[in-house]
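Okay, structure first, notes after.
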């Protein structure tokens, strides 16, 4: 990985960890996107069908064109680890994992009864 890409990923990790990056989900199963003024960044993680886990980062310009992309598998351990950290943070940011856990813990700490009864949907065919 080039020093420029490494610096970019480290800055994205820092911004995302500080909850100063708003990630969205793309149409792909495990890809997240950060829209910026000068372009966008996507990070994706997938299995190539042969049991190899891959992770990538793509840089898009302001018109949505891919201007650069790198991907790694587990054989590039340091680069893979850095990029999978960003992917994990982007995923957790999108799903608001920490906020959800804090909310659940707060609800469980209350004196109120917790949980919701759900009606079985009568329209389901079995």
* Looking at (1) part of a loop (DSSP other than H, G, I, E, B); (2) within 12 Å of the chain's Cα centre (by Cα), which is the one condition that is false for residue 19? -> (2)
* To do: Please name all residue pairs, on different chains or six or more residues apart, with Cβ atoms under 7 Å, provided the first residue is in segment 32-43 and is touching a residue at least 60 places away in the same chain (Cβ under 8 Å) and the second residue is buried (at least 18 other Cβ atoms within 10 Å of the Cβ) and part of a strand (DSSP E or B).
  => 32/23; 32/42; 32/43
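No value in this document is a laboratory result; all are computed from the given coordinates. Note that this is a predicted model, so its numbers are computed, not measured. Virtual Cβ from ideal backbone geometry, glycine too; neighbours counted across all protein chains shown.
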